[in-house]
Each structure stands twice: as C-alpha cells, then as structure tokens.
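Inspection log for the structure reproduced underneath, given as structure tokens.
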Amino acid sequence: MPSSSLQMFAFILAVLGMVSAMVATLLPNWKVSADAGSNFMTAISQMQGLWMDCTWYSTGVFSCSLKNSVLALPAYLQTARTAMVLSCMISTVGLCLAALGLKCTRWGGSHRSKGHTAISAGGCFIAAGILCLVPASWFTKEVITTFMNSKVPLSSKYEPGTSVYVAFVSAGLLLAAGVIFCSSCPGRRGDTVNSGMSNPKQLKHTRKHRKQQRREQQSQTEAAEQEPAPLEEEKLQSDSRPQEQPALDRLNLEKEKLYRSPCRSQNPDAKAVYSMHDYV
C-alpha cells in the first residue's frame, strides 16, 4: 500500500492532469496551418480547435468564429468534444474522492474505508486518462492522414497543434495518478502491521488510545471492588452495638459502687423496722 507522501504526489499529478485536460479542451489550436513547401508563402496562420476556428493575420489581427453546427462536424471532432468534456468531469469527481481517501487527512472514515475511497478515485483517474487519450490519438491520426494525402492542396494541410500535446500529457498524468491510487489496497481486517508501516503517526495514536482505555477499565474495576467495603463496616458496627451495650451498663454499675459514700446506706424496708409488738 502506498505511503501518504506517495499519495500526495499522485494527488498533485491528478490536479495537474485535470487542469491540463481543461486547458486542452478550451484552446483553439488543436491543429494549425503548416508551411508545406519552401516556396509556399502565406500571409495568415489558421488554427482549428474543438469549439472554434481562429485566424491570425499578418497585420496582427486575431479573429475567431464558433462552430455552431454540431451535426456538420466530422465524427472524430464530435468524439473529441464529448470525450474531453467527460474526462474533465470524471477527473473532478476523482479529485473529490481522492481528497477523502488520503491518509494524511482526518476525514473519510477509518483506514479501511479510506483505502476503498482511494481505489475509487484511482478508477476515476484511469477512466479520465483513457477518455483524454482516445480523442487526442484519433485527432492526431486524422491530421497526419490528411497531411500525407497528395490530393489535398498545400493550403489546406494542417499539423497537430499545442492542444494535442497538452492532451497527451494530461492523459499520462491522470493514468499515473490512477495507478498509484488503485494500489491503495486496504488489506485484511486487523492488519495492524501494514497500517502502521503506512502511517506510523496513526499507529501511535491508536496505541495511546488503547492504553487509556485499559487504564480506565482498571480504575473502574478497582472502584467496583472498593465500593462494598463501607457496607461491610456498617454491618459490623451494627452487629457490635448490641454487644457493647451490656458492657457499658456493667461499667456504670461498677463506677456507682466505687463512688458510693459509706454513710449513705440503703433505706431498709419500712416493714422490717417495726416489730411484732408494735403491730399488737
């Protein structure tokens, strides 16, 4: 699985490829007029693109005219229009998915979901690169075939322009980025070795999180073990109270005996004081 730095490199390639595809789609110089002979002199330079035809006069005036009729265009030009527009759209979608699948970002879900998102982005980049490569190749073939045809007049012969080369470069960048992102296989579940090698910072973070969870679990178990101790003490105190009460009563009686004055004797019974004679 590629590292985060390699993914960032692929992301930059994809951005450059998308920008190049947009530039090639909009520029009007897909083919330019050629100087076919040494004695052939021309006062103007003509350029043809996917959407307009432009003319550069020797006086410095530059004028362009749009191609309004779609059905009047040749098949290769209609295909080039459609394919280049689709390539720009798909590469834009791929960039959005790639931003979620990058390892250096925090959004996009878990490590495994990021891998699946990166693979989807790689598929989009490969499709965009193919859609950019096919019209560029077909357009170049048609231009070269027309140029090599001896029946075509010299003034009507064209050469591949700058936009064709930009389209080829864009296709190469998108294909390279797509291959790198497609190699972002998430691997097996629980494969911590590969994930740690690819992103050591994330592995350290997960280890710290696990240690904190273990500490919290240990503290919770210790607190649960210490909770019944006060209840047991209350039970022991309640059991010991009735045993301590008679002991306190005995101590109080002994104290009364010790501190009792000798002159203070107990009052005898009133009946015992009177004799039998007094009753008679």
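A few comments on the model shown:
- Taken over region 96-114, the residue count meeting the criterion of being modelled with pLDDT of 80 or more and surrounded by fewer than 19 Cβ atoms within 10 Å (Cβ to Cβ) is 3.
- Options THR55, THR79, THR92: the member that is surrounded by 12 or more Cβ atoms within 10 Å (Cβ to Cβ) and within 23 Å of ALA34 (Cα to Cα): THR55
- Every test in (1) over 31 Å from the mean Cα position of the chain (by Cα); (2) more than 20 Å from PRO160 (Cα to Cα); (3) modelled with pLDDT of 90 or more is passed by TRP30 save one, and that test is (2).
- Listed conditions (1) among the charged types (D, E, K, R); (2) touching a helix residue (DSSP H, G or I) at 6+ places or on another chain (Cβ under 9 Å); (3) modelled with pLDDT under 80 are all met by LYS141, apart from (3).
Here's the yes/no breakdown for (1) touching a Cys at 6+ places or on another chain (Cβ under 8 Å); (2) in a helix (DSSP H, G or I); (3) of a type outside the set (Lys, Arg):
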residue: CYS64; (1), (2), (3): yes, no, yes
residue: THR79; (1), (2), (3): no, yes, yes
residue: MET84; (1), (2), (3): yes, yes, yes
residue: ALA99; (1), (2), (3): no, yes, yes
residue: LYS103; (1), (2), (3): no, no, no
residue: ALA128; (1), (2), (3): yes, yes, yes
residue: CYS132; (1), (2), (3): no, yes, yes
residue: GLU142; (1), (2), (3): no, yes, yes
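The values are calculated or read from the model by the stated rules, or taken from the named source; none is laboratory data. These numbers were taken from a predicted model, which means no experiment stands behind them. Don't worry about glycine lacking a Cβ; one is built from the backbone with ideal geometry, like all the others, and counts go over all protein chains shown.
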